[in-house]
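See below for the structure under consideration.
The values are calculated or read from the model by the stated rules, or taken from the named source; none is laboratory data. Just so it is clear, the model here is predicted, and its values are computed rather than measured. Because the Cβ atoms are built from the backbone with ideal geometry, glycine has one as well, and the counts that use them run over all protein chains shown.
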Amino acid sequence: MTEPATEPGRALRPVFLERQSYRRRRLMDAARLLPLLGILLFVIPLLWPVPDPDVPGGDGVPMSSAMIYMFAAWAAMIVVIALFGLSSRHWSRNDSPHGPGQG
């Protein structure tokens, strides 16, 4: 296998990113996908079958179960967003020009 051609006197740069910047970028990517996750979670009940009032014990999801699901999905999104906020605040504190814990 041959070495990639480089300019004379120029060292090869590492291919991999630092662990901290890699994690920060993945966190930003995941934060960009959170609204889509929220939309998906709130649209899922539209796919559930509607119970037929004329058929006792018929297949379908009662409205009370759908409302419990919607509240749980809403609460889960709040928790996930809070965790993203805490982790981004932690990383921004470590990135201050004065060093970690200062600034």
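Could you list, ordered by first residue, the pairs with Cβ atoms under 7 Å in which the first is in the stretch 71-95 and at pLDDT below 80 and the second is part of a helix (DSSP H, G or I), at least 6 apart or interchain?
88/27; 91/24
For the stretch 40-77, enumerate the residues that are among the β-branched types (Val, Ile, Thr) and surrounded by 10 or more Cβ atoms within 10 Å (Cβ to Cβ).
44, 50, 61, 68
Give all pairs with beta carbons closer than 7 Å in which a residue from the stretch 55-69 that is at pLDDT 80 or above meets a residue that is among the acidic types (Asp, Glu); count only pairs at least 6 apart in sequence or on separate chains.
60/52
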